[in-house]
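Structure first, then comments.
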Amino acid sequence: MLKRLYRWLDLRIGVGEIVEKELTGYLLPRNINEWYSLGSVLLVIFALQVITGMLLMIYYVPDADKAFKSVTFIMNEVPFGWLIRLCHAVGSNMMVAVLILHMLSTLLMGSYKAPRELNWVTGFTLLALVQGISLTGYLAPWSQLSFWATTVATNSASAVPLVGPYLVEFLRGGKLVGPPTLGRFFALHAAVLPVVIAAFIGAHLFLLKRTGISAPPFGREGTATPFEAQQYHYQGHPGGIPFFPNYVLQDLASISVYFAVFLAVVFFWPGMPFTPDAFVPADPFKTPAHIKPEWYFLANYQTLKIFPSELLGLSVQAAAMTFLALLPFIDRSPERHPLKRPLFLTLVIAGILLWIALSVWGHLS
Amino acid sequence: MENEGRRKFLGVCVAGATACAAVAAGYPVFRYLAPKSGQGGGAKLVIPAGELKEGDAKFFEFAGSSAVLIKTKSGELVALSAVCTHLGCIVQWVKEKQQFLCPCHGGQFSTDGTVLGGPPPRPLAKIPLTVTEGNITIG
Ligand code: HEM
Ligand code: FES
């Protein structure tokens, strides 16, 4: 039955040719490893965020007077509403975590080097966009946590010289966070950013198709891959393993591991995305005691606090982000094996430790 | 041969696991989307008798649907479903004629719900009511 359907399609639109070119005939390096499956995991997570987001929109009301009630209604009254909301809220955290892993793996394997600079730049933009969609979504439940986290986050823009105060007002749609903020944040969260993210994912994959996938620097002799092409050249891997079925199996295995972790959090640690302030409706006249951003913003939050001036704190972060975004243009050596790049490896490890230290400090302070 | 059997067995296992996963994900989503059943069903409604003058009609929500209460010129109280039996529009009360008119395709009904003209195939459904000490209890 399936075979006949396949033949029917093949005779008309030549699916066989596509399968041959993109699946069974798409060869990957023999020494490819598990880390290369994180991109597929991210695609699944994004799809799940879109689906659960659309489902939430059925009952969620983006109006300051009704938002909190509608989210409470989803949690307590709608059958399985708690499940859908938890999948969305936990999923957003997981998406950031997996994005960081994906980025670290390409960083350590040197896959960002020429000719793949643009893959890195689009990927880095995606990280920023996902942080943006999380930040704007965070306001949606209109809880004390939402309200004051957004107040603090938007306030940090005031350190920008000259236009700072106006920028804050522009972001909020008013002097303070209020109903106009919810309107613009929700539009960004549910209409603008998903489309922009989808477009960037498309670009990211398109670039991957054009450059060809990189070979990991492990388990082979020459690990330096100098880029001296005089003309465009697709990096293929003759004699490699086929994407289908071999690597699809790895992708599925990684996706299963992801689901195991994700569902374990959803079912056994449902409080993960929330603090007690998440269960109190927003009150513009009562600032709660300990307002902290989500874990992945804690390092930024702490950096802003330790510098004597906000402008300095903000500039340091902007510099660090710019440096990371432009890394492929700064680090131009062809060597890709991390152990043969001791300075680089030391810096990466120091950077990760610094980020963790700042986050822990931010959490405890 | 040996391999064939193993392949088939694994295939069945994978298909089974996939089907289970699909049900486990699909059932919550279906329940999430399904409308709440039995909204206000069975609940009775009390209307003070003084609210209605002779020859007037009062529309209200009953058991998740629209209903109407009328007091005829002779003082008789009748409660009817306001949903036209043709294609489900809500009928209007024409006070001058003391009858119902459906605005969609011109169906007409009398005060006791019988069809006087137009396409409706059946009379409007009657809703039982009792009157006690100036209160009309519907349902
Ligand atoms: C088309 C895509 C999306 C739609 C339609 C959507 C829609 C929604 C809606 C309606 C809410 C409010 C209900 C609630 O708070 O639980 C929400 C909350 C949220 N969304 Fe999304 N969303 C989408 C994608 C994403 C993505 C990709 C992320 C992050 C990676 C994300 C992160 C969040 C966060 C952090 C919240 C707040 C969760 C909470 O505290 O309850 N969303 N979203
Ligand atoms: S729906 Fe009432 S007459 Fe057609």
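The values are calculated or read from the model by the stated rules, or taken from the named source; none is laboratory data. Being a predicted model, the structure only gives us computed values, none of them experimental. Ideal geometry is used to build each Cβ from the backbone, glycine not excepted, and the neighbour counts take in all protein chains shown.
Considering A:Leu135, A:Leu162, the condition of being more than 14 Å from every other protein chain (Cβ to nearest Cβ) and within 23 Å of the chain's Cα centre (by Cα) is satisfied by A:Leu135 alone. Filtering A:Trp148, A:Trp142 for residues that are of a type in the set (Phe, Trp, Tyr) and farther than 18 Å from A:Leu298 by Cβ leaves a single hit, A:Trp142.
For segment B:105-122, a residue qualifies if it is surrounded by fewer than 16 Cβ atoms within 10 Å (Cβ to Cβ) and in a loop (DSSP other than H, G, I, E, B), and the qualifying residues are B:His105, B:Gly106, B:Asp112, B:Thr114, B:Gly118, B:Pro119, B:Pro121, B:Arg122. The criterion of being surrounded by 12 or more Cβ atoms within 10 Å (Cβ to Cβ) and more than 10 Å from ligand 1 (Cβ to nearest atom) does not hold for A:Leu55.
Within segment A:1-29, the set of residues being in contact (Cβ under 8 Å) with a residue 40 or more places away in the chain and exposed (fewer than 13 other Cβ atoms within 10 Å of the Cβ) comprises just one member, A:Glu22.
Every condition in (1) more than 22 Å from A:Phe267 (Cα to Cα); (2) at pLDDT 95 or above holds for A:Ala114 except the one numbered (2).
Among what's in segment A:156-171 and is in contact with a Lys or Arg (Cβ under 9 Å, 6 or more places away or on another chain) and under 18 Å from A:Ile291 (Cβ atoms), pick the residue that is nearest to ligand 1 (Cβ to nearest atom). The residue in question is A:Leu171. Every listed requirement among (1) buried (at least 22 other Cβ atoms within 10 Å of the Cβ); (2) more than 14 Å from ligand 1 (Cβ to nearest atom) is met by A:Gly137 save one, (2). Contact annotation: no residue pair with Cβ atoms under 8 Å, 6 or more positions apart or on different chains, pairs a residue in segment A:93-116 that is within 19 Å of A:Ser40 (Cβ to Cβ) with a partner that is within 16 Å of ligand 2 (Cβ to nearest atom) and part of a loop (DSSP other than H, G, I, E, B). From the list A:Leu139, A:Leu145, A:Leu118, A:Leu135, the lone residue that is more than 15 Å from A:Glu294 (Cα to Cα), touching a helix residue (DSSP H, G or I) at 6+ places or on another chain (Cβ under 7 Å) and of a type in the set (A, V, I, L, M, F, W, C) is A:Leu118.
For segment A:77-91, filtered to residues that are in a helix (DSSP H, G or I) and under 22 Å from A:Gln144 (Cβ atoms), the residue that is farthest from ligand 2 (Cβ to nearest atom) is A:Val90. Mind counting the residues in segment A:316-365 that are closer than 13 Å to A:Thr303 by Cα, at pLDDT 95 or above and among the hydroxyl-bearing types (Ser, Thr, Tyr)? Of the residues in segment A:316-365, 1 are closer than 13 Å to A:Thr303 by Cα, at pLDDT 95 or above and among the hydroxyl-bearing types (Ser, Thr, Tyr).
All of (1) surrounded by 11 or more Cβ atoms within 10 Å (Cβ to Cβ); (2) free of Cβ contacts under 8 Å to residues at least 40 places away in the same chain hold for B:Lys36 with one exception: (1).
Scanning segment A:283-303 for residues that are surrounded by 15 or more Cβ atoms within 10 Å (Cβ to Cβ) and over 18 Å from A:Gly178 (Cα atoms) yields A:Lys292, A:Pro293, A:Glu294, A:Trp295, A:Tyr296, A:Phe297, A:Leu298, A:Ala299, A:Asn300, A:Tyr301, A:Gln302, A:Thr303.
Results for (1) more than 12 Å from chain B (Cβ to nearest Cβ); (2) within 8 Å of ligand 1 (Cβ to nearest atom), shown as yes or no for each residue.
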| site | (1), (2) |
| --- | --- |
| A:Arg12 | yes, no |
| A:Ile32 | yes, no |
| A:Ser40 | yes, no |
| A:Val50 | yes, yes |
| A:Pro62 | yes, yes |
| A:Pro79 | no, no |
| A:Ala89 | yes, yes |
| A:Ser92 | yes, yes |
| A:Val98 | yes, no |
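Just a yes or no: is a residue in segment B:131-139 free of Cβ contacts under 8 Å to residues at least 40 places away in the same chain, farther than 25 Å from B:Pro35 by Cβ and either away from ligand 2 (no atom under 16 Å from the Cβ) or part of a loop (DSSP other than H, G, I, E, B) (or both)? Yes, some residue in segment B:131-139 is free of Cβ contacts under 8 Å to residues at least 40 places away in the same chain, farther than 25 Å from B:Pro35 by Cβ and either away from ligand 2 (no atom under 16 Å from the Cβ) or part of a loop (DSSP other than H, G, I, E, B) (or both).
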